[in-house]
Each structure stands twice: as C-alpha cells, then as structure tokens.
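Worksheet: one structure, shown below.
Nothing in this text is a laboratory measurement; each read-out follows from the coordinates by a stated rule. What you are looking at is a predicted structure, and each value in this text was computed from that prediction instead of being measured. Cβ: placed from backbone, ideal geometry, glycine included. Neighbour counts: every protein chain shown.
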Amino acid sequence: MQDEVITTDMIIVGAGPVGLFSVFEAGLLGLKCHLIDNLDRAGGQCIELYPEKPIYDIPSRAQVTGKELINDLMKQVSPFEPDFHFSQQAEILEKQKNGHWRVTTTRGIMLEAPIVVVAAGAGSFIPKKPPFNKLGEFEEKSVNYAVYRMEKYRDKNLVIVGGGDSALDWVINLAPIAQKITLVHRREEFRGAYDSTQRVLKLAEEGKIDVQYGNVIDLVGADGVLSAVEIETLKGDKVTVECDYLMPFLGLKVTLGPIANWGLNLDKKHVQVCHETFATDTAGIYAIGDVCTYPGKLKLILTGFYEAAVMAKAAFAYAYPDRKMVGGYTTTNSVIQDRLGVGDHS
Ligand SMILES: Cc1cc2nc3c(=O)[nH]c(=O)nc-3n(C[C@H](O)[C@H](O)[C@H](O)COP(=O)(O)OP(=O)(O)OC[C@H]3O[C@@H](n4cnc5c(N)ncnc54)[C@H](O)[C@@H]3O)c2cc1C
C-alpha cells in the first residue's frame, strides 16, 4: 500500500463511455479527473462485450463500432489529460475531515477529491475462470478471456473453450484468420443461438475447425508460454492439441462489488439519484450511466452522455461555490476553446 495521497477535482469510478465523457464535461469547466477501472483499458461494455459490433443510436453517428466510439472518446478527452488507474477496483470510500472523499483501490492507490462520480455500469466485469490445472502459470501470456484485436490471432493455433454465444461467435469470427481452431465443450449440446451452433457445426463438417467434446486436463508449455493443451474426450480418449492461445469464453460475472457497501441508496443494485443533478443522497457523490436509476431512466449511451453534462455542472457548483463557472458553447466560448487547445485567443 502506498502512503502518498493523490488529490484531484473529480474521481470517476468506471472508465466506460459515460465515465469517459464525464472527463470531457468536467474538463470544459476546468476540472481535473482521475479514473479507476477494474479492466485493463477504457471502454466498459463497449470494449468488453461488443468491440466490433456496430451501434446505430449515437446521435450523428449513423454507425460506429464499440471500439471506434471508445477510440474517439479517448481522443475527445485527451486535451484534459485524465489519469487512468486500470486493473484495480475502487474499493474503500471514506469521508475526510475537510469534507473531501478518499477512494482507495485494491492496489492501494489513494485518491482524494471533493467529487466522486460512480459511473460503474453494471459493476466490475470478472471473467469466469475454468478450473484448469496450471492455468495461473500461463494466464499472463497465453490465456485470453476476451478478443480485443482480431489480428493478434492471425495464423495462430487457438483452443476456444465454451458452448455459449461468446465461444461460438468467436469461433465463427476467427475461423477465417486463425491457423487452426479447436473448440472444446464439455457436452455435445451447445447453449448458444441455434444459427451460430449450425454455423459452427458446418465449419467442423467442412474441416475448417475441430470440435472436441470433453475437458481440458492439462496445459503444456514453458516460461508462461503455452505450446499445447491436453484434452480428455467424453469417450475417454486423450488428445493433445497445439495451442498458442487458450481462450476460455465461459461468460463474465458482473458484480456491483465494493460500491454496494458505500452506504448509497440502492434500488436493485442501482444507485438512486436526483435526476436534476445526478447527486446521490450522499453529498459530493454522484452516479451516472447504467449504474444510476431515477424515474424514466433509459439505459443507453446517449442518456449517459446527457447525465455526464448535467452532473459536471451540478458537481462544480457544489464543490467550488466561489468559483465562476464557464458557460456558453464550445463553438463560441474562448475560455472553453483554450481548455480544448483549439482556436487562437492569445
Ligand atoms: C451487447 C450489447 C449491446 C449494446 N448496444 C447498445 C447500443 O446499440 N446503444 C446503446 O446506447 N447502448 C448499448 N448497449 C448498452 C451500453 O453499452 C451501456 O449503456 C453503456 O456501456 C453504459 O456505459 P457506462 O459507462 O455507464 O457503463 P459500462 O460501460 O458498464 O462501464 C462501467 C465500467 O465501470 C467499471 N467498474 C465498475 N465497478 C468498478 C469498481 N468498483 N472499480 C473500478 N471499476 C469499476 C467496469 O469495469 C466498467 O469498465 C449495449 C450493451 C450490450 C451488452
């Protein structure tokens, strides 16, 4: 645990699309943000669950994939130089004597600010891990629980484990580029959509992939790098399959986690807020995006963006009542344009 405490204006729990857009709205008002996310990158559900699927209901973007949306948001917030604390949960929330809040993460980072924004979506994503022998030894280099970039798997030997939609979808998507895919499933029936199941079985019939019904019983390799996995089939045969990447797609657990113990007013795992400010019932703590609830709430990205804009202004007025808030449009306000690093007002 580190001793140093980092002070800032706004601590944002969750670097999904809504947490990211909060950086932009807070930045326009001159506020500095630190973000914490359990994942190892920004993007929340867009990156974790559907990076390459098109979204059709972002205003003015007729079509944009989850990954493109997050890349563009990262560009949009870059003038405000947010600090990211990835691969750790925001764990402890404590009020300080000066009225500010301290958030301590599972890696011992301590952040203090007058404003904490809970933009935690459905909670922290945690992949369900299979109970494979020696999994921990190969996890860092050769075991992937999500596909972030399909090109990584070009000409590789992949062993995909699972029988649900995620496993089947990735078999279908990666089959054209991988050297070889072996799908391992513990039963002869798949849980995924009928259409996906038929496509996977057709790929197997055509010899484009291999399907093994059974269980992975051992991992083989050296220095954390896999070379093969051993499978025991339902018939009791032992099969050794060459493997560069083992990809268990057994689903994700999403849990609200430590936030549930922060004393906020909850309604079925959502944080109740005032829909005029997005303040919770605890002064200085705000909640926006999928995690918050109020009458008429729509769980959409565009709603979260609106909530971020309203929240930032309300939080600024609460935390800095003596400071003048810059208003106006990004098209015309010179202070805002200077903060964005555009225009010439010297
Ligand atoms: C398959 C699918 C398709 C979708 N399609 C659309 C669509 O077409 N249009 C649309 O508008 N919406 C769509 N959605 C919904 C949309 O993705 C969500 O509304 C949006 O992601 C909510 O953003 P968020 O930032 O509030 O939360 P999230 O994207 O869930 O991000 C929250 C982040 O908080 C982190 N977190 C949570 N708790 C902690 C903690 N204690 N410490 C650290 N980090 C934490 C999580 O790891 C996560 O990264 C879709 C969702 C899915 C699953």
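Details
- The C-alpha atoms of the chain define a longest principal axis, and helix 17-28 lies at about 30 degrees to it.
- The stretch 129-250 - percent relative contact order, Cα under 8 Å, separation 6 or more: 35
- Alpha-carbon centroids, the stretch 235-288 and the stretch 131-180: separation in whole Å: 23
- Charge tally around Val241: other residues with Cβ under 13 Å, Lys/Arg +1 each, Asp/Glu -1 each, net -4.
- With neighbours defined as other Cβ atoms within 10 Å of a residue's Cβ, the residues Lys97, Lys141 order from fewest to most as Lys97, Lys141.
- Set of aspartates and glutamates near Lys141 by C-alpha distance (under 13 Å), chain-local residues within fewer than 8 positions excluded: Asp223, Asp244
- Against the main long axis of the alpha-carbon atoms of the chain, helix 66-77 sits at an angle near 30°.
- Taking the number of Cβ atoms within 10 Å of each Cβ as an exposure proxy, the fewest-first ranking of Asp3, Asp237 is Asp3, Asp237.
- About the Cα centre, charge dipole magnitude for the stretch 1-52 (Lys/Arg +1, Asp/Glu -1 at Cβ), debye: 140
- Added length on full extension, which subtracts the Cα-Cα distance from 0.36 nm per residue, Asn173 to Asp237: 20.2 nm
- Under 16 Å from Lys297, Cα to Cα: aspartates and glutamates that are on another chain or at least 8 residues apart: Asp267, Glu276, Glu307
- Among the listed pairs Lys95/Lys253; Lys180/Lys202; Lys208/Lys253; Lys97/Lys269, those beyond 27 Å (Cα-Cα): Lys95/Lys253; Lys208/Lys253; Lys97/Lys269
- Using θ = phi - 60° in the Karplus curve 6.51 cos²θ - 1.76 cosθ + 1.60, the 3J(HN,Hα) couplings for the stretch 252-257 round to 10, 8, 10, 9, 4, x Hz; x is entered for Gly and Pro.
- Stretch in the chain that is longest and holds no chymotrypsin sites (Phe, Trp or Tyr not before Pro) that DSSP places in a loop and that have at most 15 other beta carbons within 10 Å: 149-328
- The stretch 38-165: relative contact order as a whole-number percent, Cα under 8 Å and 6+ apart: 19
- Each Cα pair under 8 Å and six or more residues apart adds its sequence gap; the mean of these over the residue count of the chain is a relative contact order of 19 percent.
- The chain: calculated mean residue ellipticity at 222 nm from DSSP helix runs of at least 4, using -39500 (n - 2.57): -7500 deg cm²/dmol
- Phe316 sits among other residues whose Cβ lies under 14 Å from its own Cβ, and their net charge, with Lys and Arg +1 and Asp and Glu -1, is +2.
- Cα gyration tensor, the chain - rounded (a/c under 1.5), prolate or oblate: prolate
- Taking amide H positions as modeled 1.01 Å from N, with prolines and chain starts lacking one, the residues under 5 Å from Val184 and 5 or more places away or on another chain are Ile160, Val161, Gly162, Gln212.
- Relative to the dominant Cα principal axis of the chain, helix 194-205 is inclined by about 40°.
- Here's the list of lysines a cross-link from Lys32 could span, going by alpha-carbon distance under 17 Å and ignoring same-chain residues fewer than 8 apart: Lys75, Lys313, Lys324.
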